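Written out below as structure tokens is the structure these notes cover.
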Amino acid sequence: MEESVTIKGRYKYVHDVKIGSPEAIDVHHIFIARSGADFLPLCSYALWFAAACFLIFTLLQKTTTVYDLLMLDKPFAIIISSFVVAGFLIRQIVRKQVEKESVIILPAFGIQLETVYRSGKTVHQFVPIDKILKPVLNECVTPVTCYWSLSLIIRGENELLLVFKGLYPPVTMLVPIWKALCAAIDDKEWADTPSYCDT
């Protein structure tokens, strides 16, 4: 079992080759590095949500039905309710964040794409090898930023299949995965092309 690790910015790339029959299983993982610095924006979002909820609950004092149901006749109860609602909203946002995305290349069978969320939920998608026409690297430009994405051209589909749906790793991490995908579908024209990417 061979394993290589590359860290660039907030992304960590792990390449793992598992030897088995009939051929080696090629596994590529992209992790997002979480740090203590991520906690500060989360706290600021929670305070903004709490302030918004406080204003909403304060305005609800004018209506008797909802206000009487919640029995928020004291400012302390409004503050507690605001933080409870803000905590619930932040929890929902955090649970939808992507923790890890993986590409598992099973030679002669296909490609399995996995997405692991912070909530623990894992989403799998399997693409048979004979349906993949070609893997492509795309440069995506938006009004705010520019990033690279790895996609698969699928036979019979009108749209490209994104390999990494929740993470935007740098191109230096995408190139080895792209080359491995090209080699898996026997696309020698592109697999042997030298890369001139930043290191």
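State whether one or more residues within segment 177-194 are outside any helix (DSSP H, G or I), closer than 20 Å to Val17 by Cβ and modelled with pLDDT of 90 or more. Can you show your working first?
Going residue by residue through segment 177-194, those that are outside any helix (DSSP H, G or I) are 185-187, 192-194.
Retained after the next criterion (residues that are closer than 20 Å to Val17 by Cβ): 185-187, 192.
Then keep just the ones that are modelled with pLDDT of 90 or more; that gives none.
No, that holds for no residue.
For segment 114-159, how many residues are assigned to a loop (DSSP other than H, G, I, E, B) and under 20 Å from the mean Cα position of the chain (by Cα)? Don't jump to the end; show me each part of the working.
We begin by selecting, within segment 114-159, every residue assigned to a loop (DSSP other than H, G, I, E, B); these are 118-121, 142-145, 155-159.
Checking the rest, the ones that are also under 20 Å from the mean Cα position of the chain (by Cα) come to 118-121, 142, 144-145, 159.
Total meeting the criteria: 8.
List the residue pairs whose Cβ atoms are under 6 Å apart, where the first residue sits in segment 4-15 and is closer than 16 Å to Trp178 by Cα, the second is not in a strand (DSSP E or B), and the two are 6 or more positions apart or on different chains.
Close Cβ pairs satisfying both conditions: Tyr13/Met173.
Can you tell me which residue in segment 109-128 is surrounded by the fewest Cβ atoms within 10 Å (Cβ to Cβ), limited to those that are under 18 Å from Lys179 (Cα atoms) and touching a residue at least 24 places away in the same chain (Cβ under 8 Å)?
Selected residue: Val127.
What is the number of the single condition among (1) touching a residue at least 60 places away in the same chain (Cβ under 8 Å); (2) out of contact with any Ser or Thr (no Cβ under 9 Å at 6 or more places or on another chain) that Lys165 does not meet?
The one condition Lys165 does not meet is (2).
The values are calculated or read from the model by the stated rules, or taken from the named source; none is laboratory data. Note that the structure is a prediction, hence the values are computed from the model and not measured. When we count neighbours, we look across all protein chains shown, and the Cβ atoms used for this are built from the backbone with ideal geometry, even at glycine.
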